[in-house]
Amino acid sequence: MIVTDEVSGAPVELTGAPVVGIWHRTLVWAVDELVKLGPDQLNSLKVRAGEHLAAILTTSFMGVAPFQVDTHGGPDLLFDLSEKRPQFLPIPQSALTAAFEVKSMRGSFREFDSEINRTNARGGDASGRSFLLRAQTAREILTQARPLLDSAQTGLASKVVNPDATSRNIFLIVHPFDVLAVELEHPVLGPFLPDLGYLSDIDSVWVLWVPDHLTMWSREKKGWTDLMFDAMGPDEIPPQELSPLQAAEVRFLSARGDKDGSPYLFKIRDHEP
């Protein structure tokens, strides 16, 4: 399949792009594994920054929950690789642990969403409020994210105690109402994305394009893989209201006793005149 790049007009070859898929209920399993960490570590995951989504998805693809979530200035997520080491993940054989630093693209929506919550809490009326959003290409978005990714690389360098035995990785969250990628209509995004080779000390960069696209850049492979987490059996009925990740998020927030809601629980509806 060949499509055209939105900026350059050059053809983009989608056929042959690497894809890894997992069963959608793996996300439910991941939430139940994360709950076992206990309230201190569970509550340290910042919902508005999307850290809980990063924890759910990394647990799903790693096949094991992190044994440590940052509560005192360490890596945001730290995994033990002694039992699970998925072959499709670009983790060096010498690594005994895998550390993740979680970042989210900045934009106006989450502050807009917070202001609505504050207005409602005061008994006010937030109807009629709006915000401005400019659609961009996924390549543009990740090019703009370079300072954020550089910061994450620097942060991991200072937080990882034993770099020779620890795989260093970044998880970036892109909310569509903060920065909207025009390619989200396509089932795969990897072929549209830029090389991140300037991150010389990072093994992989995972990018969640909320709510249902996940891509992973590998320094070893010098390219991108699309990670799909919505696979269903032939007899399963696709959910009508929530995406698989949103359903897992609801389960997570319920288990944590969180009553503040989440900016990632949304649905886009066609405008009806």
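The values are calculated or read from the model by the stated rules, or taken from the named source; none is laboratory data. In this text, all values refer to a predicted model and were calculated from it rather than measured experimentally. Using ideal geometry, Cβ is built from the backbone for each residue, glycine included, and neighbour counts are taken over all protein chains shown. Heavy atoms of the whole protein, side chains included, go into the accessibility calculation; ligands, DNA and RNA do not. Shrake-Rupley method; radii C 1.70, N 1.55, O 1.52, S 1.80 Å.
How big is the C-alpha Rg of the chain next to the rule-of-thumb value 2.2 N^0.38 Å, as a ratio?
It is 1.01.
Going 7 Å from the Cα of ASN162 along its beta-carbon direction, which residues of region 49-81 have the amide nitrogen within less than 14 Å of the resulting point?
Backbone N within reach: 79-81.
Too long at a 22 Å Cα-Cα cut-off: which of LYS46/LYS221; LYS46/LYS159; LYS36/LYS159; LYS36/LYS84; LYS36/LYS103?
LYS46/LYS221; LYS36/LYS159; LYS36/LYS103
What whole-number value in cubic angstrom gives the convex hull volume per residue for the C-alpha atoms of region 186-229?
70
Report the accessible area of MET228, computed with a 1.4 Å probe over the heavy atoms of all protein chains in place, in Å² rounded to the nearest 10.
Rounded to the nearest 10, that gives 60 Å².
With a probe of 1.4 Å, find how much accessible area the chain has per residue, and write the answer as a whole number in Å².
Result: 50 Å² per residue.
Between GLU140 and GLU185, what length in nm is gained on full extension when 0.36 nm per residue of separation is reduced by their alpha carbon distance?
14.6 nm
Taking the convex hull of the Cα atoms, report for region 188-273 its projected area averaged over all directions, in nm².
Over all viewing directions, region 188-273 projects a mean Cα-hull area of 9.5 nm².
Can you tell me how much longer the chain between ILE237 and LYS222 gets when fully stretched, taken as 0.36 nm per residue apart minus their C-alpha distance, in nm with one decimal?
1.7 nm
If you take every DSSP beta bridge fully contained in the chain, what fraction is antiparallel? Give it as a percent rounded to 5.
Antiparallel bridges make up about 50 percent of those DSSP assigns within the chain.
What part of the accessible area of the chain, given as a whole %, is carbon or sulfur when the probe is 1.4 angstrom?
Using a 1.4 Å probe with all protein chains present, the chain comes out at 52 percent carbon and sulfur.
As a test of the formula, what do you get for the chain when each DSSP H run with n ≥ 4 contributes -39,500 (n - 2.57) and the sum is divided by the residue count, at 222 nm and rounded to the nearest 500 deg cm²/dmol?
So the calculated ellipticity at 222 nm is -8000 deg cm²/dmol.
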